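Read the figures in this text as sums done on the coordinates, not as results from a lab. The model shown is predicted, which means the values in this text are computed figures rather than measured ones. Virtual Cβ from ideal backbone geometry, glycine too; neighbours counted across all protein chains shown.
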Amino acid sequence: MTTVGYVHGYSAHETRRLGDQADTLAQLLHAGTTYPAGSRVLEVGCGTGAQTVHLATSSPDAHFVAVDVSDASLAQARSRVAARAPWAQVDWVRADLHDLPFADAEFDHLFVCFVLEHLPDPARALAGLRRVLRPGGTVTVIEGDHGSALFHPDSSYAHAVIGHQVRLQSAAGGNALLGRQLQPLLTGADYADVVVEPRTMYADDTRPTLVDGFTRNTFIAMVESVRDEALAAGLTNRADWDRGIADLHRTAADGGTFLYTFFKAVAVNPGAGRPS
Ligand SMILES: C[S@@+](CC[C@H](N)C(=O)[O-])C[C@H]1O[C@@H](n2cnc3c(N)ncnc32)[C@H](O)[C@@H]1O
């Protein structure tokens with residue numbers, strides 16, 4: 001089963017990109033996320049297990065259940081975690097997050113990273129997920145927001161290719177500008193105590209690991225992957241596309257800089273006594 005509207009697809013290139021992204025950003029995104037020994041944590045939309053490895057590293061004694069709609073991704077996730085976090089306690093389940101095969105309040109915590117941005121109705125998804133979270137349990141949601149990309153040298157061509165990716169993701173039913181909406185989404189889905197932290201990734205010559213791992217292998221790779229779709233949709237022409245990508249690569253070359261903000265939200269399921 002594949003996910004309708006998952007703009008990035010399930011290619012080997014995408015698997016590598018998600019792995020690079022998770023490894024490069026692990027400290028930035030996972031700082032502050034640890035779960036007590038014995039707690040039951042549901043990772044929603046685990047993909048190829050890129051975040052699962054870091055979850056299990058930070059919380060080696062928690063018990064994880066990781067779900068995704070893609071069988072192929074789950075198989076890769078299982079291998080990745082077996083190789084990189086062999087101590088991890090993870091059950092792998094193929095399921096649609098809108099129709100989870102779990103009892104009410106079965107989990108102490110939920111973790112949802114880079115998933116809502118691909119869903120046509122993230123508000124409905126968050127409200128539905130609350131069913132499997134026990135009262136008092138937390139949900140952690142992490143999303144990017146492509147509107148937050150700032151770079152040097154600046155280039156209208158580079159901004160244009162990012163805009164094409166945003167439009168294509170939107171046409172596929174998603175939203176690449178979702179990070180800024182996490183607080184109203186969670187509040188609207190009846191979660192309480194919503195706290196959103198912007199977490200900014202900044203790369204320049206003094207941080208070559210981030211230039212490579214994030215600017216080049218995560219962000220530019222993601223934009224590059226929609227080239228054929230952008231051309232086929234008539235959003236751009238080859239010359240403008242190539243210029244935009246070349247200009248993005250200049251931000252990862254000597255003297256270039258790149259900044260991008262992720263949004264990390266934590267909220268609580270207030271249970272039956274939630275505020276009206
Ligand atoms: C961008 S990937 C993120 C994977 C992982 N969370 C990470 O950060 O590396 C989005 C994942 O959400 C999954 N997904 C999308 N819609 C889903 C749904 N309705 N139910 C379960 N998983 C879904 C996709 O199959 C894909 O693996």
What are the ³J(HN,Hα) couplings of the range 106-121, residue after residue, when phi is run through the Karplus curve with 6.51, -1.76, 1.60 and θ = phi - 60°? Round to Hz, x for glycine and proline. 6, 10, 7, 8, 10, 10, 9, 10, 6, 10, 4, 4, 9, 9, x, 9
Taking amide H positions as placed in the peptide plane 1.01 Å from N, state which residues far from Ala62 in sequence (5 or more) or on other chains have amide H under 5 Å from it. Gly38
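Once the piece of chain linking Ala221 and Ala31 is laid out straight, how much longer is it, given 0.36 nm per residue of separation minus the C-alpha distance between them? Each step should come with its number before you reach the end.
Values: separation 190, 0.36 × 190 = 68.40 nm, distance 2.49 nm.
65.9 nm is the gain from fully extending Ala221 to Ala31.
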Short version: ³J(HN,Hα) in whole Hz for each residue of the range 124-132, in order, from phi by Karplus 6.51 cos²θ - 1.76 cosθ + 1.60 (θ = phi - 60°), x for Gly and Pro, what are they? 5, 4, 5, 5, x, 5, 4, 4, 8
Could you give the angle, 0 to 90 degrees to the nearest 10, between helix 71-84's Cα long axis and the longest principal axis of the Cα atoms of the chain? 80
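Which whole-number percent gives the relative contact order of the range 12-271, counting Cα pairs below 8 Å spaced six or more residues apart? Write down the numbers at each step before the final one.
Details: 514 pairs, mean separation 58.3, N = 260.
Here the relative contact order equals 22 percent.
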Centre separation in Å (Cα based) which lies between the range 24-45 and the range 195-241: 25
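Indicate, rounded to the nearest 5 percent, the antiparallel portion of the DSSP beta bridges found entirely in the chain.
50
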Note, ³J(HN,Hα) from phi for the range 193-209, Karplus 6.51, -1.76, 1.60, rounded to Hz, x at Gly and Pro: 6, 6, 10, 10, 10, x, 10, 9, 9, 10, 10, 8, 3, 7, 10, x, 5
Note the full-extension length gain between Ala253 and Asp154 as 0.36 nm times their separation in residues minus their Cα-Cα distance, in nm to one decimal. 34.3 nm
Students often get this wrong: which residues of the range 129-166 have the backbone nitrogen under 20 Å from the point 7 angstrom along Cα-to-C-beta of Ala239? 155-162, 164
